Every structure is written in C-alpha cells, then in structure tokens.
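The values are calculated or read from the model by the stated rules, or taken from the named source; none is laboratory data. Note that the structure is a prediction, hence the values are computed from the model and not measured. In this analysis, Cβ positions are derived from the backbone assuming ideal geometry, glycine residues included, and neighbour counts consider all displayed protein chains. Side chains included, ligands, DNA and RNA excluded: accessible areas come from the protein's heavy atoms. Shrake-Rupley method; radii C 1.70, N 1.55, O 1.52, S 1.80 Å.
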Amino acid sequence: MKSQLAVWDLKTQVKCVIFESSKHIEAPNWSPCGRFLLVNGEGRLFRVPLDAPALQPVDTGAAVSLNNDHGFSPDGTQIAISDKTETGESCIYTLPVSGGTPTRITQNVPSYWHGWSPDGLTHTYVGFRGTPRKAVLLSIPANGGTETCLCDAFDHIDGPDYSADGSWIWFNGERDGTVELWRYNLKTASLEQMTKDERINWFPHPSPSGKHVVYLAYPEGTIGHPAEKDVELRLLPAEGGTPKILLSLFGGQGTINVPSWHPEGDKFAFMQYLP
C-alpha cells in the first residue's frame, strides 16, 4: 500500500499530492513556520520539507516506539510526541523542534497527545483512566505537573484540539455506538454538541483563522477509527451548522489524527492511501 501526503486548498477547492511513499506514514502536522510537515511511520518521526519533499528522520532520542499523536508548540520551538518505549504504554514527551532528548510530561499512562493551547501553556490529550478504564478528556501544564480531568461523560473521547482563541476544546465523543463532535467550554466547563447525523465523526481540528473545523467522517456503523476505509473529509463552520463534504478518500486511521492546518488557515494536510 502506498501513502500519499496531500494538501487541500480551501480557496481553490483543489487537492494536491505533494509526496508519495511506499512506507506507511500517518498524521501530518504543518509547522508554524509553514515550511515543512511532520509525519510518523514505523514508530519514528519524519520531517517533510515542502521545497524538496522527502522523509527526513527526526532525532527523538530513546523514544523509538511513537504512535501518531504528535504536534508543534505554537511558537514552533518544540514538538510533543506520544511514545511507549519507556513505559510500555503511550506517554507524552516534548523535545526541541530540531530533535534531541525527550522530556517526559505525563506520569499517568496511557496518555495520547492531541493539542497545544494557543498560548503555549497547556496540553490537551486523552488517556484511559478510572475503573473500568475508559478514554477521558485531560489537560496538563506544558512543562508537566498535575493532570486535570476535564470530561469523562462519554463511553469514549478522542481527538481533542483547541479553538484558535483558546476558549474551546473540540473532541469526538461516543455514546451507545454513536460518535459526534462536541466542544468543551474552558471557562464554564460546559459541553456543546456540534454534529448530529448518521456518520461516525472523528478528529475535529479548528482552523487558525477561527472560521472552520475540518474532521473525518466514517460510514454509519463503523466501530472505532479503523484504517483502510472509504471516508470523507468534511468542513464545519466553527459555530456549528451544516457540514460540507470536501472529498472522499481511502484512509481513516492516520489521515487526520492531529492538527494539520497551515498557519494561515487556508489549507490543511492529510494522508490518503492507495491499495
């Protein structure tokens, strides 16, 4: 199977494949400087420069069992990663954007990174907690400390990401097999449901412009967020409303797990796959 790293341009409504690999690569992030993308594959992290696309390994020190939950600090100086080398279960670390020795952020595992607050002070992530364990919405100071459970009111929570103004955390929440998009108000600790349809909706990512939210829509009845499925990328107004189907593709897990908007908010990166 081939992996294609692609970009969708909101202005032209055109998809452009910028890199193809025989490796299985996933979850692109767009760097805050706009000059390169970050992807993972085979437990490692790679930089893809846009002026000469290629997989350039990023030094992650002893962390060599990365999953696809990673991303940049708002100032572009650090990368957050999720890796299980040390603990046997996913743990969040940060390292310099150029690579280097990871610094452990979360003590509780498993923890899966998903978003960095716009002010750079906080991470949002999901982790399996409680008895019985289930995925809940969490936050922690950017340099580590005590984690806070923000929401555990669903059977499963995934894909949290901050709105551009830092007021909301968007996520997908599952109840009784139905997965919809929600947002959590950080000031009032209240929830607002943002989609209500037959699709299985995952990984909402608010744009830096504050206008849109892109997300992944699976067919009705899908369980979890599997790979190798016919899926849709959809665009929702940031304040809610009727979503627009941007394109259909073969993908799913790995397509848009983490924030991947261009810093100007006019395009985003994603992965698609060729059987």
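Straight-line reach from K267: which aspartates and glutamates have Cα under 15 Å away, leaving out those fewer than 8 places along the same chain?
Within reach: D9.
Do any of K11/K211; K134/K211; K2/K211; K2/K134; K15/K229; K23/K134 go past 22 Å between their Cα atoms, and which?
K134/K211; K2/K211; K2/K134; K23/K134
Not counting ligands, DNA or RNA, and with a 1.4 Å probe, what is D230's accessible surface area in Å² rounded to the nearest 10?
Its accessible surface works out to 110 Å², give or take rounding.
About its Cα centre, how strong a charge dipole does segment 109-268 have in debye, to the nearest 20, once Lys and Arg get +1 and Asp and Glu get -1 at the Cβ?
160 debye
With label points built 7 Å along Cα→Cβ from the Cα atoms of T77 and E220, find their separation and express it in nm.
A separation of 5.1 nm, rounded to one decimal place.
Taking square-rooted eigenvalues a ≥ b ≥ c of the alpha carbon gyration tensor, is segment 158-260 rounded, prolate or oblate, where a/c under 1.5 means rounded and, failing that, a/b exceeding b/c means prolate?
prolate
As a test, work out the antiparallel percent of DSSP beta bridges whose residues both lie in segment 78-209, rounded to the nearest 5.
In segment 78-209, approximately 100 percent of DSSP beta bridges are antiparallel ones.
Name the most mobile residue of S98, S65, S207, meaning the one with the largest mean-square fluctuation, in a Gaussian network model of the chain with Cα contacts below 10 Å.
Maximum fluctuation in the GNM of the chain, among the listed residues, is at S98.
Express the carbon and sulfur contribution to the solvent-accessible surface of the chain as a percent, rounded to the nearest whole number, probe 1.4 angstrom.
It is 50 percent, rounded to a whole number.
How do Y112, Y125 rank by accessible surface area computed with a 1.4 Å probe, from largest to smallest?
Ranking Y112, Y125 by accessible area, largest first, yields Y112, Y125.
For segment 58-125, what does the alpha-carbon gyration tensor say about shape, rounded, prolate or oblate, given a ≥ b ≥ c as the root eigenvalues, a/c under 1.5 as rounded, and a/b over b/c as prolate?
oblate
Got a number for the accessible area of R47? Probe 1.4 Å, square angstrom, nearest 10.
Roll a 1.4 Å probe over it and R47 shows about 50 Å².
Dipole of the chain, Cα-centred, from +1 at each Lys and Arg C-beta and -1 at each Asp and Glu C-beta, to the nearest 20 debye?
Computed about the Cα centre, the dipole is about 240 debye.
What share of all Cα pairs of segment 1-76, in percent, falls into each consecutive 5 Å distance bin?
3, 15, 25, 26, 19, 9, 3, 1, 0
Using only the Cα atoms of the chain, build the gyration tensor, take square roots of its eigenvalues as a ≥ b ≥ c, and label the shape rounded, prolate or oblate: rounded if a/c is under 1.5, else prolate if a/b is larger than b/c, else oblate.
Judged from the Cα gyration tensor, the chain comes out rounded (a/c under 1.5).
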